[in-house]
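The values are calculated or read from the model by the stated rules, or taken from the named source; none is laboratory data. In this text, all values refer to a predicted model and were calculated from it rather than measured experimentally. Please note: Cβ atoms are built from the backbone with ideal geometry, for glycine as well, and neighbour counts cover all protein chains shown.
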Amino acid sequence: MQDITRNLSSRRDLLSMTGKTLSLAAVSLVIGREIKTASAADLSQDIAILNAAIALEHEGIAAYQIAATSGLLQPAIVDIGVAFQGHHKGHRDILVKAVETLGGTPAIEKSLEEYARNIKAETLKNQTDVLRLALDLERGAANAYLGLIPSLGNDFHQIAAQMAADESFHAAILANALGEPIPKAALLFG
Amino acid sequence: MKRRLNIMLYVCAVLMSGEVFANDAAKSEGTVPMQMISEGDSVPPNAVSDEQRVKNEKLYRQRCGACHALDSNRIGPRHRDIYGQKAGSVSGFNYSEALQNLDVIWTDVTLDEWLKNPTAFAKGTSMGFRLRKASERKAVIQYLKSLSRYSE
């Protein structure tokens with residue numbers, strides 16, 4: 001496979017190209033589609049939004065790590081959580097590669113302790129609490145991806161929609177585990 | 001005699017009507033939805049019923065909860081007391097340059113524009129999430145307003 005970073009070796013190279021219009025062939029290799037052109041400002045905007053998505057995935061990965069090691073979950077639930085965490089790692093890797101290819105610097109993860117504080121892990125007392133938190137985060141993530149699609153460049157719409165679909169799949173499983181009824185109205189997310 | 005009877009009936013009527021008013025007052029506490037109060041009334045204009053507040057909170061969690069919390073900085077800044085404050089001013093949060101340079105106070109109007117299309121409001125922001133429905137923007141703003149000591 002061609003080295004996708006060879007054409008766009010640094011953000012400076014990317015953003016200083018004459019005419020502010022760039023070929024995005026390299027990015028197309030990351031997300032598997034043909035990409036046309038975008039302005040430098042649009043690219044910077046995409047980098048900023050994709051980095052927020054990376055931060056979201058970092059937190060999701062950490063949340064599942066905290067849950068899996070909490071001692072509050074049955075082994076079968078831990079297995080499901082680890083599988084979902086693997087999906088989030090997959091999202092992170094795709095997003096990191098996209099940001100790097102655009103010439104940006106991917107958002108870095110915080111410490112597990114900081115994530116634990118931010119999601120108030122100390123308030124989790126049993127398996128239901130953990131599942132409820134996971135459901136809130138997954139529902140929110142599905143909505144977040146759907147809500148940011150219009151702000152992203154066209155080239156990232158499909159991948160963001162795919163990630164929203166993954167998050168909604170997770171939410172459905174978690175809602176079922178918690179015994180939530182199936183919503184009656186259509187358009188459950190977004 | 002007839003006059004005394006009339007007075008007694010009058011007194012009874014007054015006492016009964018007082019009881020009715022008292023019952024009405026009791027019913028109006030807590031669960032009966034309140035309307036938004038216009039400016040000039042004694043109740044703050046951002047007062048909402050408990051029922052509406054619960055709905056607003058649920059929507060806030062669904063739409064904003066992936067990235068925001070009320071009391072901790074996560075992917076986005078914490079939201080308690082953000083209404084009425086300057087954009088980009090939450091301590092401890094690492095804002096984008098776009099937000100650092102944004103000279104805006106968060107009000108009903110500015111929050112509505114921001115939530116409608118944040119990248120148009122502050123080009124370069126890392127918040128790409130758009131809240132498409134005006135009714136949802138209104139509910140989220142109402143919720144943020146109800147949680148802010150700077151909402152007056």
message: Scan the range B:44-56 and tell me whether some residue there is away from chain A (no Cβ under 14 Å), under 27 Å from A:A171 (Cβ atoms), touching a helix residue (DSSP H, G or I) at 6+ places or on another chain (Cβ under 9 Å) and modelled with pLDDT of 95 or more.
response: yes
message: Filter the range B:47-90 down to the residues that are in a loop (DSSP other than H, G, I, E, B) and over 21 Å from B:E152 (Cα atoms) and list them by number.
response: B:G65, B:A66, B:C67, B:H68, B:A69, B:S72, B:N73, B:R74, B:I75, B:G76, B:P77
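Just to check your reading of the model, which residue among A:T101, A:T128 is away from chain B (no Cβ under 14 Å) and closer than 23 Å to A:N51 by Cα?
On the way: A:T128 fails: closer than 23 Å to A:N51 by Cα.
Testing whether each residue is away from chain B (no Cβ under 14 Å) and closer than 23 Å to A:N51 by Cα leaves just A:T101.
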query: Among the residues of the range B:100-110, is any under 30 Å from A:A134 (Cα atoms) and surrounded by fewer than 22 Cβ atoms within 10 Å (Cβ to Cβ)?
result: no
- prompt: Looking at A:L102, A:L135, A:L148, A:L95, which is the one that is surrounded by fewer than 23 Cβ atoms within 10 Å (Cβ to Cβ) and either of a type outside the set (S, T, N, Q) or free of Cβ contacts under 8 Å to residues at least 60 places away in the same chain (or both)?
  reply: A:L135
message: Please go through the range B:95-139 and give me each residue that is in contact (Cβ under 8 Å) with a residue 40 or more places away in the chain and among the acidic types (D, E), ordered by number.
response: B:E136
